[in-house]
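Read the structure below first, then the notes.
The values are calculated or read from the model by the stated rules, or taken from the named source; none is laboratory data. What you are looking at is a predicted structure, and each value in this text was computed from that prediction instead of being measured. Cβ sites come from the backbone with ideal geometry, for glycine too, and all protein chains shown count toward neighbours. Side chains are part of the model used for accessible areas, which takes the heavy atoms of the whole protein and leaves out ligands, DNA and RNA. Shrake-Rupley method; radii C 1.70, N 1.55, O 1.52, S 1.80 Å.
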Amino acid sequence: MKIKTQTHVAAIFLCSVISTAYANPNYIEPPMVLIPKGTFLMGSEHGRANERPVHQVDIAPFMMGKYEVTLKEYGKFVKATKHTPKNESANKCMRFNKKNSEGIGPPITLEEGNWDTPEYAPSAFHPVLCVSTDDAKAYAVWLSAQTGKRYRLPTEAEWEYAARANSTTTYFYGDSKTQLCEYGNVYDQRGKAYIERHFNQAGTYAPCDDGSEFTAVVGTYKANAFGLYDTIGNVSELTADCEHHTYDGAPQNGTAWITDCDLFREQNIMQIHRGGSYGLWSPPSRITSASRHHVGTDLRTSLGNGFRLALDFDHATALHTIDTEFEKDLKAAQAAALTARQRLPKFPSPPTNAFLIEDKETDAIQLRWQTNESQIGTTFNIYRSHTIGGEMEKIASNIIKHTYTDHSPKNRRHKYQIAAVVNQQESLLSQSVYSSDVIKTIPATIQAEDFNNMHNASIGEVTHKETNQPSLTLTGSNGIMKYSWTEYKIQVPKGGRFQLHYNIASASGSKGFNLIMNSLEKGTFSIPNTGGWRKWKTVVSDAIQLHQGEHTIRILAIDNQWKLDWFAFEKVDSELAVK
């Protein structure tokens with residue numbers, strides 16, 4: 001990826017951007033950073049389908065908020081305008097829901113709450129939460145009227161260009177996940193402990209400690225090369241663009257893409273937000289410079305949605321007013337936050353030298369490990385992957401010995417990890433250990449999630465209307481990701497002709513997938529339009545030849561727009577043609 005930036009623009013106007021010091025009691029002009037004009041490649045070939053195709057975009061110079069909009073700034077707007085939400089969810093805010101002791105319950109819930117509810121507003125210098133796209137736009141319009149300047153939400157292309165700051169790596173500083181906590185308030189070791197403690201939920205987290213459980217005072221992590229803070233984590237930032245499932249047809253001049261919006265669940269226009277947040281739904285893979293997220297335009301949430309402002313650049317806005325009182329108070333709040341973080345207790349060290357022993361007769365799996373923790377009262381938590389490459393779930397806690405036996409592993413390959421716990425502080429997870437590949441004997445129905453290996457596969461849960469029972473599926477924000485694959489092992493006791501049955505859902509139809517067996521392609525299987533993402537249909541293929549013995553099969557997606565629940569090989573009589 002190549003980026004061309006004309007930095008001389010910044011040099012010419014540097015002095016004029018940092019200019020008049022003034023504090024107006026009725027509003028706060030946010031500290032702004034001049035983003036120079038340039039050309040960059042937007043998107044990623046390594047992310048989700050909605051990050052492709054990678055395309056070149058030209059960006060004109062503009063100004064971007066140095067920080068995310070704070071409660072102090074937004075409060076001035078509400079006080080001056082008496083702004084109140086007017087939609088049906090007015091004065092309600094989406095939040096994480098506390099699941100029961102068995103981990104059952106909806107992950108989120110809509111409850112009474114607002115931007116200034118104490119739970120969502122730790123201090124005046126934290127980013128404002130529980131504001132919708134409509135609220136953010138109203139704030140920008142109001143501030144523009146007060147100052148005579150055109151404040152607005154940044155376009156999605158402007159946001160990515162500014163966040164990358166000339167970088168071409170996964171994150172603006174590089175590719176390492178362990179460094180995330182230096183550059184942003186992310187879903188990390190401490191955040192995971194907070195979410196688990198308060199909501200009995202967990203997910204994939206960054207392997208580091210950023211010192212924050214919830215949102216953080218803005219500007220307390222390292223800035224990018226343009227001088228912008230918190231473009232990774234804290235709150236995910238609203239942009240001016242509506243959602244499109246891919247970048248096909250995207251503007252190449254940096255303007256907002258607000259036409260021909262793709263609908264969410266075939267009915268709702270969604271707004272794009274970028275950067276990820278402190279919370280559960282922002283694992284390291286979803287807070288990259290290219291990651292895209294969506295939210296309803298009128299939805300208010302504490303899950304980690306906020307915004308920062310952009311400003312059109314011209315000679316009138318080059319003379320930018322600096323609110324010295326706000327800057328002074330913010331610096332004091334930042335210093336206090338950093339001091340508080342330094343005083344936090346450290347986490348214990350993770351266990352080492354983990355390995356497992358499989359009992360082929362009982363299917364039990366015994367784990368063993370060592371630890372560097374010698375403190376009395378050290379216990380251990382055991383984690384097992386839901387699926388290979390998927391979320392880790394805690395299956396045992398308060399283990400005293402350095403061994404644990406999983407007597408009821410699901411009939412799929414698993415990853416195991418162990419964490420040490422000292423004084424209710426949990427370590428990072430140990431190195432992973434894996435159970436053996438699972439081999440399915442044909443004929444059999446194979447659940448899509450029971451793969452032994454995968455690349456870029458996403459797992460979701462669906463409840464079938466016919467049975468009212470939940471099951472896992474291969475899925476994604478735009479269906480299965482093109483070029484993703486899942487791999488299985490099958491045992492064919494007796495060769496012959498078999499039909500492939502596959503249970504799928506699609507709102508538009510798709511080219512589908514290639515079936516590859518032992519590295520050789522067996523055929524291409526298309527996906528019909530089933531009438532929607534929640535309407536499932538079983539498709540039956542022509543017959544294919546399966547030879548006796550053990551085989552590795554791979555389902556390789558050659559297109560998006562479909563989901564897979566299960567597939568099966570059913571033997572047929574000799575009259576059916578071989579594909």
(request) Within segment 141-154, count every residue that is out of contact with any strand residue (DSSP E or B) (no Cβ under 7 Å at 6 or more places or on another chain) and either surrounded by 16 or more Cβ atoms within 10 Å (Cβ to Cβ) or modelled with pLDDT of 95 or more (or both). (result) 5
(message) For segment 102-140: of the residues being farther than 18 Å from Glu237 by Cβ and in a helix (DSSP H, G or I), which is least open to solvent (accessible area, probe 1.4 Å)?
(response) Glu119
(message) With the requirement that a residue be within 30 Å of Ala162 (Cβ to Cβ), in a loop (DSSP other than H, G, I, E, B) and either out of contact with any Phe, Trp or Tyr (no Cβ under 8 Å at 6 or more places or on another chain) or among the acidic types (Asp, Glu) (or both), what does segment 68-86 give you?
(response) Glu68, Pro85
(message) Here are the criteria: (1) surrounded by fewer than 24 Cβ atoms within 10 Å (Cβ to Cβ); (2) in contact with a helix residue (DSSP H, G or I) (Cβ under 7 Å, 6 or more places away or on another chain); (3) among the acidic types (Asp, Glu). Tell me which single one Glu196 does not satisfy.
(response) (2)
(request) Scan segment 332-354 for residues that are in contact with a strand residue (DSSP E or B) (Cβ under 6 Å, 6 or more places away or on another chain) and either more than 20 Å from Glu182 (Cβ to Cβ) or without any contact (Cβ under 8 Å) to a residue 12 or more places away in the chain (or both) and report the count. (result) 5
(request) Just need a number here: residues in segment 263-301 that are open to solvent by less than 50 Å² (accessible area, probe 1.4 Å) and either farther than 25 Å from Pro85 by Cα or not hydrophobic (A, V, I, L, M, F, W, C) (or both). (result) 24
(request) Mind listing whichever residues of segment 509-538 are open to solvent by 70 Å² or more (accessible area, probe 1.4 Å), closer than 24 Å to Gln267 by Cα and in a loop (DSSP other than H, G, I, E, B)? (result) Asn529
(message) Among the listed residues His83, His55, identify the single one that is more than 24 Å from Ala332 (Cα to Cα), at pLDDT 95 or above and either surrounded by fewer than 21 Cβ atoms within 10 Å (Cβ to Cβ) or basic (Lys, Arg) (or both).
(response) His55
(request) Output the qualifying pairs, or none if there are none: Cβ atoms under 8 angstrom, residues six or more apart or on different chains, first residue in segment 174-202 and small (Gly, Ala, Ser), second residue in a helix (DSSP H, G or I) and surrounded by fewer than 18 Cβ atoms within 10 Å (Cβ to Cβ). (result) Ala202/Glu196
(message) Looking at segment 559-574, can you tell me whether even one residue there is outside any strand (DSSP E or B), closer than 21 Å to Phe264 by Cα and aromatic (Phe, Trp, Tyr)?
(response) yes
(message) Which count do you get for residues in segment 211-242 that are among the aliphatic types (A, V, I, L, M), farther than 22 Å from Phe326 by Cβ and buried (at least 23 other Cβ atoms within 10 Å of the Cβ)?
(response) 2
(message) The conditions are (1) touching an Asp or Glu at 6+ places or on another chain (Cβ under 9 Å); (2) open to solvent by 10 Å² or more (accessible area, probe 1.4 Å), and Asp260 fails exactly one of them. Which is it?
(response) (1)
(request) Name, by its number, the condition in (1) in a loop (DSSP other than H, G, I, E, B); (2) under 15 Å from Ile287 (Cα atoms); (3) touching a His at 6+ places or on another chain (Cβ under 8 Å) that does not hold for Leu238. (result) (1)
(request) Would you check which residues across segment 494-508 are in a strand (DSSP E or B) and small (Gly, Ala, Ser) and list them? (result) Gly496, Ala505, Ser506
(message) Quick check on my filter: what residues within segment 386-423 are assigned to a strand (DSSP E or B), of a type in the set (A, V, I, L, M) and open to solvent by less than 40 Å² (accessible area, probe 1.4 Å)?
(response) Met392, Ala396, Ile399, Ile418, Ala419, Ala420, Val421, Val422
(message) Restricting to segment 539-567, name every residue that is open to solvent by 40 Å² or more (accessible area, probe 1.4 Å), at pLDDT below 95 and of a type in the set (S, T, N, Q).
(response) Gln545, Gln561
(request) State all residues of segment 385-431 that are of a type outside the set (Asp, Glu), touching a Lys or Arg at 6+ places or on another chain (Cβ under 7 Å) and farther than 17 Å from Ala457 by Cβ; if no residue qualifies, say none. (result) Ile395, His402, Thr403, Tyr416
(message) Among the residues of segment 374-385, are any open to solvent by 50 Å² or more (accessible area, probe 1.4 Å), within 23 Å of Lys192 (Cα to Cα) and among the aliphatic types (A, V, I, L, M)?
(response) no
(request) Quick one: count up the residues across segment 424-443 that are exposed (fewer than 13 other Cβ atoms within 10 Å of the Cβ) and part of a strand (DSSP E or B). (result) 1
(message) If I ask for residues that are open to solvent by 10 Å² or more (accessible area, probe 1.4 Å) and charged (D, E, K, R), which ones from segment 175-191 would you list?
(response) Asp175, Lys177, Glu182, Arg190
